[in-house]
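The values are calculated or read from the model by the stated rules, or taken from the named source; none is laboratory data. Computed from a predicted model, the values in this text were never measured in an experiment. Cβ sites come from the backbone with ideal geometry, for glycine too, and all protein chains shown count toward neighbours. For accessibility, only protein heavy atoms count, side chains too; no ligands or nucleic acids. Shrake-Rupley method; radii C 1.70, N 1.55, O 1.52, S 1.80 Å.
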Amino acid sequence: MPTQVTAAVMTKSGQPLDLRPVILDDPLDHEVLVRTLAAGLCHSDLHYLDGSLEIELPAILGHEVVGTVERVGAAVSGLKIGDRVVATVTPACGLCRQCLAGRPTQCMRVDQMRARPRPKFMTTDGEPINALGGIGAFAEAFVVSEASLGVIDDAIPAKVACLLGCCVTTGVGAAIHGARVTAEDTVAVIGCGGVGIAAIQGARLAGARKVVAVDTSEQKLELAKRFGATDGVVAQREAVETLELLRAIEPEGFTHTIEAVGRAATAELAFNALGAAGTATILGLMPADTALRISADALVYGDRRIQGAYMGANRFLSDVDIFTDHYRSGRLNLDDMVTQARTFSSINEGFAAMTDPTTVRVVVEFEDAAS
Ligand SMILES: [Zn+2]
Ligand SMILES: [Zn+2]
């Protein structure tokens, strides 16, 4: 029997989300119905909401989420009712060439795995509603394939556990899987939102000898130092001026840069701040027609590299365990990343708070979610 749940529905870009009842379909054989406990507000959600990234409407945004398994499909084998789970937008089949090569975020069957004979969510009038990333976490419950979920320890508070689904996976993952930072490295992280702060923590966890935070807000840079940044640079209006400030800290250029903003200018800055043989890792999502301009000479003569690390090139199931252990031992600070927790019913105010320079992550908690 399909369930009625309250969801925050996006009907038009630039408009507040509309909290209203929607119909959630039953889980199919390989799917699970998850009761939502907490969801993070990611900049990707904000970019869909303000229209800078495109999405088919109406839609339910939200992809950084923790919840409790409430129902399981007939063929689900790895999860049981009551499990606390974190979702990922990159489910992996485990069988294709990319999965077998250890690159599950590039799974070749991801579309097949998300394919479904009917929509997950519908309006009460029967109109289909799109679910962002195949999840749609800004709802009291959602349905996803078993492969999209990792089980976590109940002892991790829901308010911080949701971060494992996107910003921590992407940021820490970029440092340890994408860039493969070591104790020899000097790292600059451009952008200090949730992903950037997680990348700073990832670089620190990996032992980098310098971790330089770059952000337009001085307050953010102070905050970044609490998470392991050794220096901070205020991003200037002109990228060339920011580059000069970075050069003052690291005259040879950095061995690694990690871009966590999602703009061509910051991606190009990430490349330009590299020393010889350095690698720029670009994380931010940009509009589909975005092109980057980099110097061919700097690339070829300098043995420089520029790469993506979509969702932190994660191996979600093992990453969740790695991050959990680092959180438990106090080496990964998730608690201070949640700078604002509020109720799901005030999600629109949560999006408004994202522009505050002291915000790292806003998390919405679901009213009846007993964590
Ligand atoms: Zn995200
Ligand atoms: Zn695959």
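Against the condition closer than 30 Å to Leu57 by Cα, part of a helix (DSSP H, G or I) and either more than 12 Å from ligand 1 (Cβ to nearest atom) or of a type in the set (A, V, I, L, M) (or both), how does Ala175 come out, does it pass?
Working: closer than 30 Å to Leu57 by Cα: no; part of a helix (DSSP H, G or I): yes; either more than 12 Å from ligand 1 (Cβ to nearest atom) or of a type in the set (A, V, I, L, M) (or both): yes.
Criteria not met by Ala175.
So, Ala59, is that one touching a Phe, Trp or Tyr at 6+ places or on another chain (Cβ under 7 Å) and either free of Cβ contacts under 8 Å to residues at least 60 places away in the same chain or not basic (Lys, Arg) (or both) or not?
Working: touching a Phe, Trp or Tyr at 6+ places or on another chain (Cβ under 7 Å): no; either free of Cβ contacts under 8 Å to residues at least 60 places away in the same chain or not basic (Lys, Arg) (or both): yes.
No; evaluated as a whole, the condition is false for this residue.
Scan the stretch 193-208 for residues that are over 13 Å from the mean Cα position of the chain (by Cα) and outside any helix (DSSP H, G or I) and jot them down. Reasoning before the result, please.
Of all residues in the stretch 193-208, those over 13 Å from the mean Cα position of the chain (by Cα) come to 200-208.
Correct list: Ala206, Gly207, Ala208.
Can you tell me which residues in the stretch 205-222 are buried (at least 21 other Cβ atoms within 10 Å of the Cβ) and charged (D, E, K, R)?
Within the stretch 205-222, Asp215, Lys220 meet the criteria.
Any idea how many residues of the stretch 79-105 are among the small types (Gly, Ala, Ser), out of contact with any Pro (no Cβ under 9 Å at 6 or more places or on another chain) and within 16 Å of ligand 2 (Cβ to nearest atom)?
Just the residues of the stretch 79-105 that are among the small types (Gly, Ala, Ser), to begin with: 82, 87, 92, 94, 101-102.
With the extra rule that they be out of contact with any Pro (no Cβ under 9 Å at 6 or more places or on another chain), the set shrinks to 82, 87, 101-102.
Narrowing the set further to residues that are within 16 Å of ligand 2 (Cβ to nearest atom) leaves 101-102.
Within the stretch 79-105, residues that are among the small types (Gly, Ala, Ser), out of contact with any Pro (no Cβ under 9 Å at 6 or more places or on another chain) and within 16 Å of ligand 2 (Cβ to nearest atom) number 2.
Filter the stretch 121-148 for residues that are more than 16 Å from ligand 1 (Cβ to nearest atom) and under 22 Å from the mean Cα position of the chain (by Cα); which is surrounded by the fewest Cβ atoms within 10 Å (Cβ to Cβ)? Spell out the reasoning first.
Within the stretch 121-148, the subset more than 16 Å from ligand 1 (Cβ to nearest atom) is 121-130, 139-141, 143, 145-147.
Now restrict to residues that are under 22 Å from the mean Cα position of the chain (by Cα): 130, 139-141, 143, 145-147.
Numbers: Asn130: 18, Ala139: 29, Glu140: 20, Ala141: 21, Val143: 26, Ser145: 22, Glu146: 21, Ala147: 24.
In this case the residue turns out to be Asn130.
Does Pro58 qualify as being more than 22 Å from Val363 (Cα to Cα) and either at pLDDT below 95 or touching a Leu at 6+ places or on another chain (Cβ under 7 Å) (or both)?
On the way: more than 22 Å from Val363 (Cα to Cα): yes; either at pLDDT below 95 or touching a Leu at 6+ places or on another chain (Cβ under 7 Å) (or both): no.
When the stated conditions are applied, Pro58 does not pass them.
Out of all the residues in the stretch 197-213, which are in contact (Cβ under 8 Å) with a residue 40 or more places away in the chain and under 14 Å from Val234 (Cα atoms)?
Val212
Is it the case that the stretch 269-289 has a residue that's among the acidic types (Asp, Glu) and in contact (Cβ under 8 Å) with a residue 24 or more places away in the chain? Show your work before the answer.
Our first condition is that a residue be among the acidic types (Asp, Glu); within the stretch 269-289, this holds for 289.
Next, from what is left, pick out any that are in contact (Cβ under 8 Å) with a residue 24 or more places away in the chain: none.
Scanning the stretch 269-289 turns up no residue that is among the acidic types (Asp, Glu) and in contact (Cβ under 8 Å) with a residue 24 or more places away in the chain.
Give the number of residues within the stretch 335-362 that are open to solvent by less than 10 Å² (accessible area, probe 1.4 Å), of a type in the set (Val, Ile, Thr) and not in a strand (DSSP E or B).
2
Report, by residue number, each residue of the stretch 91-109 that is within 16 Å of ligand 1 (Cβ to nearest atom) and over 17 Å from Gly308 (Cα atoms). I'd like the intermediate steps shown before the answer.
Step one: list which residues in the stretch 91-109 are within 16 Å of ligand 1 (Cβ to nearest atom), which gives 91, 105.
Within the stretch 91-109, just Pro91 meets the criteria.
Need pairs with beta-carbon distance below 6 Å; first residue free of Cβ contacts under 8 Å to residues at least 12 places away in the same chain and within the stretch 96-120, second open to solvent by 60 Å² or more (accessible area, probe 1.4 Å) and within 7 Å of ligand 2 (Cβ to nearest atom); sequence gap 6+ or separate chains.
Pairs found: Gln98/Met108.
Name the strands (runs of 3 or more DSSP E) wholly inside the stretch 223-331 in which the number of residues that are in the same structural domain as Ile200 (by TED's automatic domain parsing), β-branched (Val, Ile, Thr) and open to solvent by less than 60 Å² (accessible area, probe 1.4 Å) is 3 or more. Reasoning before the result, please.
Details: elements: 231-234, 254-259, 274-282, 305-308.
Once the strands (runs of 3 or more DSSP E) in the stretch 223-331 are filtered for at least 3 residues that are in the same structural domain as Ile200 (by TED's automatic domain parsing), β-branched (Val, Ile, Thr) and open to solvent by less than 60 Å² (accessible area, probe 1.4 Å), what remains is 254-259, 274-282.
Which condition from (1) among the acidic types (Asp, Glu); (2) exposed (fewer than 14 other Cβ atoms within 10 Å of the Cβ); (3) touching a strand residue (DSSP E or B) at 6+ places or on another chain (Cβ under 7 Å) is the one that Glu365 breaks?
So Glu365 meets the others, but not (2).
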